Amino acid sequence: MSGLPFVDAAEVRRRISPDRARRLVEQALRSGFDPAGDPARVPVDAGAGHLLLMPSGIGDWVGVKLASVAPGNPARGLPRIQAVYLLLDAETLTPRLLVDGSSLTELRTPATSAVAADHLAAPDARRLVVFGSGPQAVEHAVAMSAVRDLDDVALAGRSPDRLTAAVAGLQDRGIDARAVDGAEQVAAAVAGADIVVCATSAGEPVFDGTLVRDGVCVVAIGSHEPDRRELDEGLMGRSLVVVEDRATAMRECGDVVLAVDAGVLTTDDLVPLADVVNGRARVTDRPNVFKGSGMSWQDLAVAVGVV
């Protein structure tokens with residue numbers, strides 16, 4: 001392990017574009033890898049927050065992400081979540097590379113959402129609404145712009161300053177985004193959207209699900225706790241619901257768990273993303289929801305791309 005190389009965030013970004021990250025995630029699903037075999041995320045209380053241990057193995061590689069979650073960090077001007085990734089070869093389990101884990105998260109989460117949206121959104125989808133103003137909201141707007149020719153990108157968020165910064169950041173990257181504010185503007189944006197992305201820290205639904213038209217693709221990635229959700233059970237109950245893995249969704253995805261508890265959805269209704277990608281499941285003319293929790297294999301798929 002002497003002199004183990006470290007790839008920082010800037011170098012990860014240089015090697016892996018958002019759209020290449022999408023192709024790496026989709027390639028893993030097309031390779032025959034089954035996300036149901038991925039080890040569960042392991043939370044461990046630590047210090048002023050907790051650690052998340054996320055191991056996985058695909059083909060010739062294994063790896064583990066160690067993420068720290070410190071709720072008080074934003075008040076200190078520090079990220080709430082920080083992470084490092086250790087990549088090892090599967091044959092000898094020799095550590096080969098350390099990678100900035102936060103940059104992997106910022107890439108793999110929207111990449112997985114974009115894989116789902118590319119299969120679930122209408123081919124002529126043009127209007128995107130993103131709830132959230134943090135890095136994941138921005139990166140999801142970038143990822144969706146790579147799979148559809150969007151002509152209207154709207155962001156809705158609770159903090160005007162962060163929303164302004166997010167819109168400016170997207171415009172700097174060539175995406176003509178706009179902010180929507182107030183209940184009426186937000187409702188109108190959702191009612192006219194072809195793709196809706198929820199990338200917030202909310203614990204309750206962020207919009208009225210009855211506003212979503214049939215055929216619209218909805219992506220929710222903001223929560224991985226069973227008692228928190230961004231989508232209401234009314235929308236979940238009338239939609240095709242796609243998840244990374246059924247067991248993971250029932251363990252970590254409040255949008256799914258609470259809808260099942262309400263009796264509007266069953267575990268058997270949940271469609272694995274791999275089935276959609278590999279043509280074993282067909283998109284319906286109902287709303288098409290992808291609920292992502294973020295899984296270890298996605299970090300590994302992108303980390304392998306780094307080398």
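The values are calculated or read from the model by the stated rules, or taken from the named source; none is laboratory data. Quantities reported herein were computed from a predicted structural model and do not represent experimental measurements. Cβ: placed from backbone, ideal geometry, glycine included. Neighbour counts: every protein chain shown. Please note that ligands, DNA and RNA were not included when accessible areas were found on the heavy atoms of the full protein model with its side chains. Shrake-Rupley method; radii C 1.70, N 1.55, O 1.52, S 1.80 Å.
What do you reckon, is ASP38 in contact (Cβ under 8 Å) with a residue 40 or more places away in the chain and farther than 13 Å from LEU300 by Cα?
In short, no.
I'd like to verify a number: residues in the stretch 41-55 that are farther than 16 Å from ARG108 by Cα and open to solvent by 40 Å² or more (accessible area, probe 1.4 Å), how many?
Number of matching residues: 9.
Does ARG246 fit the bill of being within 29 Å of ALA166 (Cβ to Cβ), surrounded by fewer than 21 Cβ atoms within 10 Å (Cβ to Cβ) and of a type outside the set (Val, Ile, Thr)?
In short, no.
Out of the residues in the stretch 233-254 meeting the condition of being among the charged types (D, E, K, R), in a loop (DSSP other than H, G, I, E, B) and touching a Leu at 6+ places or on another chain (Cβ under 9 Å), tell me which one is nearest to ARG213 (Cα to Cα).
In this case the residue turns out to be GLU244.
I'd like to check something: does the stretch 210-223 contain any residue that is assigned to a loop (DSSP other than H, G, I, E, B), touching a residue at least 60 places away in the same chain (Cβ under 8 Å), charged (D, E, K, R) and open to solvent by 60 Å² or more (accessible area, probe 1.4 Å)?
Yes, the stretch 210-223 has at least one match.
What do you reckon, is ASP181 open to solvent by 20 Å² or more (accessible area, probe 1.4 Å), free of Cβ contacts under 8 Å to residues at least 40 places away in the same chain and in contact with a helix residue (DSSP H, G or I) (Cβ under 8 Å, 6 or more places away or on another chain)?
Considered against the rule, which asks whether it is open to solvent by 20 Å² or more (accessible area, probe 1.4 Å), free of Cβ contacts under 8 Å to residues at least 40 places away in the same chain and in contact with a helix residue (DSSP H, G or I) (Cβ under 8 Å, 6 or more places away or on another chain), ASP181 comes out as yes.
Would you say VAL257 is closer than 17 Å to ARG127 by Cβ, out of contact with any Leu (no Cβ under 7 Å at 6 or more places or on another chain) and of a type in the set (Val, Ile, Thr)?
Criteria not met by VAL257.
Sort out which residues of the stretch 279-307 are surrounded by 14 or more Cβ atoms within 10 Å (Cβ to Cβ), in contact (Cβ under 8 Å) with a residue 40 or more places away in the chain and assigned to a loop (DSSP other than H, G, I, E, B), and write them in order of number.
Listed by number, the residues that qualify are VAL283, ARG286, PRO287, GLY292, SER293, GLY294, MET295.
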